[in-house]
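Since the structure comes first, as structure tokens, the remarks are kept for the end.
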Amino acid sequence: MTGNTDHDIAHPDAARERERWAASADAWDRWADPMADLADKLNRPLLDAAGLAEGHRLLDLASGAGEPALSAARRVGPGGLVVGSDLVPGMMAGAVRRARGVEGPAPAFTAADMTALPFADAAFDGVTCRFGIMFVPAVEAALREVRRVLRPGGRAAFMVWGPRAGNGLFAEIGDAVAEHLGEDGSLDPLFRFAEPGLLAGVMRRAGFAETSETDLTPVRKAPAGQPFWRAALDMSFGHRLADLTAGRRERLEADIARRFAAQAVDGIVPVPSHARIAVGR
């Protein structure tokens, strides 16, 4: 895959990213169900931004363990269609497993490269992508493909992370991992579109009109003393944790627990987050 923007050139090697997600697939599957309620709080504003309604046809990119494709399928109902996709087939094992257990309509899942989508022109009313577009090396090529598969007037909605400093979970875990294992830039792609207006600008260059961005800055209130951070550790750094000895893993987790315990107020740890939804027609 090739690209022609500065952001494409600066992005980590595509093969490295593919290997990273393949190594983390089991963690995403393992945490998919325990994290479902938290995921839904992110799914709803993204699906709203995409204008998703009953009977619509939606393509969800970088579905991973199935979100927000599973939530979208409930919203479009039996008269609609949701197709979930991911570049790494192993990432969708959890999505396929979870889809078998749902009541009512379930999404279809397929492996797909965002820069060469295997769908006809104007096949979908909407396209969503939750925390996935940041990892695509040739982002403009991907956005042109998204525009191609959208019907005239269709809407694409992308959710990305805001600045690292505004995302307490990643900031603390990332600092602890860097201290114990060394910094390797694993979190850098997450904040590729942290600058306001950056993704909307790339979308306009790819041919989208009426672009807009909306910030979400919720503060999660987590009980002190509970490992609420472990899912983020496993899913973001699974590729680095697999070969750790039990002792090194224990020391890393103890350090993370101490960092969050120091922030507790009356038994509650405030965990700020900053996400952004970019929409284009």
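Just give me the residues in the stretch 135-158 being among the basic types (Lys, Arg) and either in contact with a helix residue (DSSP H, G or I) (Cβ under 9 Å, 6 or more places away or on another chain) or assigned to a helix (DSSP H, G or I) (or both), in sequence order. Hits for the stretch 135-158 are Arg144, Arg147, Arg148, Arg155.
The sole residue among Ala138, Ala156, Ala142 that is buried (at least 20 other Cβ atoms within 10 Å of the Cβ), touching a residue at least 12 places away in the same chain (Cβ under 8 Å) and more than 26 Å from Asp215 (Cβ to Cβ) is Ala138. Considering Thr115, Thr128, which residue is within 20 Å of Pro78 (Cβ to Cβ) and either open to solvent by 50 Å² or more (accessible area, probe 1.4 Å) or touching a residue at least 40 places away in the same chain (Cβ under 8 Å) (or both)? Result of the check over Thr115, Thr128: Thr128. Cβ-Cβ distances below 8 Å connect the following pairs, each with a first residue in the stretch 41-66 that is within 24 Å of Glu210 (Cα to Cα) and in contact (Cβ under 8 Å) with a residue 12 or more places away in the chain, a second residue that is in a helix (DSSP H, G or I) and aromatic (Phe, Trp, Tyr), and a separation of six or more residues or different chains: Ala62/Phe135. Here the stretch 39-75 is the region considered, the condition is being surrounded by 23 or more Cβ atoms within 10 Å (Cβ to Cβ) and of a type in the set (Asp, Glu), and the residue that is farthest from Met134 (Cα to Cα) is Glu67.
Among the residues of the stretch 11-64, the ones that are at pLDDT 85 or above and not in a helix (DSSP H, G or I) come to 15 in all. Quick check: anything in the stretch 76-91 in contact with a His (Cβ under 8 Å, 6 or more places away or on another chain) and surrounded by 21 or more Cβ atoms within 10 Å (Cβ to Cβ)? The answer is yes, given that some residue of the stretch 76-91 is in contact with a His (Cβ under 8 Å, 6 or more places away or on another chain) and surrounded by 21 or more Cβ atoms within 10 Å (Cβ to Cβ). Taken over the stretch 164-193, the residue count meeting the criterion of being in a loop (DSSP other than H, G, I, E, B) and surrounded by 14 or more Cβ atoms within 10 Å (Cβ to Cβ) is 5. Listed conditions (1) at pLDDT below 95; (2) β-branched (Val, Ile, Thr); (3) closer than 28 Å to Val202 by Cα are all met by Val102, apart from (3). Taking every residue in the stretch 166-188 that is farther than 25 Å from Leu38 by Cβ and pairing it with any residue that is open to solvent by less than 60 Å² (accessible area, probe 1.4 Å), at least 6 positions away or on another chain, the pairs with Cβ-Cβ distances below 7 Å are His180/Leu252; His180/Asp255; Leu181/Arg240. For the stretch 241-254, a residue qualifies if it is touching a helix residue (DSSP H, G or I) at 6+ places or on another chain (Cβ under 9 Å), surrounded by fewer than 17 Cβ atoms within 10 Å (Cβ to Cβ) and in a helix (DSSP H, G or I), and the qualifying residues are Arg248, Arg249, Arg251. For the stretch 199-231, residues that are in a helix (DSSP H, G or I) and buried (at least 18 other Cβ atoms within 10 Å of the Cβ) total 5. Taken together, Val177, Val160, Val146 contain a single residue that is within 19 Å of Trp229 (Cα to Cα), within 21 Å of the chain's Cα centre (by Cα) and aliphatic (A, V, I, L, M), which is Val177. Within the stretch 92-112, take every residue that is among the hydrophobic types (A, V, I, L, M, F, W, C) and over 19 Å from the mean Cα position of the chain (by Cα) and give me the one that is surrounded by the most Cβ atoms within 10 Å (Cβ to Cβ). Per the criteria, the residue is Ala106. Only a single criterion out of (1) at pLDDT 95 or above; (2) within 18 Å of Cys129 (Cβ to Cβ); (3) open to solvent by 30 Å² or more (accessible area, probe 1.4 Å); (4) not aromatic (Phe, Trp, Tyr) is not satisfied by Pro196, namely (2).
The values are calculated or read from the model by the stated rules, or taken from the named source; none is laboratory data. Everything quoted here is computed from the prediction, not taken from an experiment. As a convention, Cβ positions derive from the backbone with ideal geometry for all residues, glycine included, and neighbour counts pool all protein chains shown. The accessibility values were calculated without ligands, DNA or RNA, using every heavy atom of the protein model including side chains. Shrake-Rupley method; radii C 1.70, N 1.55, O 1.52, S 1.80 Å.
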